[in-house]
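For reference, the structure is listed below as structure tokens.
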Amino acid sequence: MTAASRSPRILRIAMILVLVFNLMALVVLIHENPVAFTLFMFVGQPLFTIALILLIGAVLAELRSRQII
């Protein structure tokens, strides 16, 4: 499996993680309670960080496969 063929799957996973993060943020914004806020802070923030790392990794892998960097 090459880096170019893994990129769409990694990007799809990153988009799903960001979607879950945004849904959790929307729940906290609309219906603020301590449980939702705690879940958002301990689960949502790491999800966004993982998605950002996956995105940067996919972009770098794509740039390397095209020999740009």
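For the chain, which whole-number percentage of the solvent-accessible area (1.4 Å probe, protein heavy atoms only) is attributable to carbon and sulfur atoms?
Carbon with sulfur: 74 percent of the solvent-accessible area.
Kindly identify the chain as rounded, prolate or oblate by the Cα gyration tensor criterion: order the square roots of the eigenvalues as a ≥ b ≥ c, call it rounded if a/c is under 1.5, otherwise compare a/b with b/c, prolate if a/b is larger, else oblate.
Prolate, since a/c reaches 1.5 and a/b exceeds b/c.
Can you check what the net charge comes to around Leu54, using other residues whose Cβ is under 11 Å from the Cβ of Leu54 (Lys, Arg +1; Asp, Glu -1)?
+3
Helix 45-65 versus the longest principal axis of the chain: what angle, 0 to 90°, nearest 10, using Cα atoms?
10 degrees
Please check which bits of region 44-67 a label hung off Val27 would reach, taking the label as a point 7 Å along Cα-to-C-beta and the cut-off as backbone N under 12 Å.
What the label zone holds, given the 12 Å backbone N cut-off, is 44.
Residues of the chain: accessible area per residue at 1.4 Å, in Å²?
That works out to 76 Å² per residue.
Give, in nm to one decimal, the length gained when the segment between Gln45 and Ile16 is fully stretched (0.36 nm per residue of separation minus the Cα-Cα distance).
Contour length minus the Cα-Cα distance gives 9.0 nm.
Please work out how much length the chain gains when fully extended from Thr38 to Ser7, using 0.36 nm per residue of separation minus the C-alpha to C-alpha distance, in nm with one decimal.
That works out to 7.9 nm of additional length.
The values are calculated or read from the model by the stated rules, or taken from the named source; none is laboratory data. Owing to the predicted nature of the structure, the values given are computational and were not obtained by experimental measurement. All Cβ positions, glycine included, derive from the backbone under ideal geometry; neighbour counts span all protein chains shown. Remember, those area values only see protein heavy atoms, side chains included, never the ligands or the DNA or RNA. Shrake-Rupley method; radii C 1.70, N 1.55, O 1.52, S 1.80 Å.
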